[in-house]
Amino acid sequence: MAQQTIKFTVKQDGTVTEEVIGVVGNDCENLTKRIEERLGVVERVEHKPEYYEQKQTTEDHVTLHMH
């Protein structure tokens, strides 16, 4: 199995961007759901084209508003 990575970027205004790397299909949502529930409200989800492909690396960007 490929390495799975979740990258968080926190901006000065408190906005958090989450990037999932090395996860196939919608497994990224399963991997990050509990983290997102604890961090705040998901404002926007951007799926890259790889999200819709099977058996290939997926990267997603999620923007959260901190509580």
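FYI, it's all coordinate maths here, none of it is from the lab. Because the structure is a prediction, the values reported are computed rather than measured. Note: ideal-geometry Cβ built from the backbone for every residue, glycine included; neighbour counts use all protein chains shown.
Between E53 and N26, the contour length at 0.36 nm per residue exceeds the alpha carbon distance by 8.8 nm. For the pair D13 and I35, a Förster radius of 30 Å applied to the C-beta separation gives a FRET efficiency near 0.90, rounded to the nearest 0.05.
Subtracting the Cα-Cα distance of T5 and V42 from 0.36 nm times their residue separation leaves 11.4 nm of extension gain. Taking other residues whose beta carbon is less than 11 angstrom from the beta carbon of V16, and scoring Lys, Arg as +1 and Asp, Glu as -1, yields -3.
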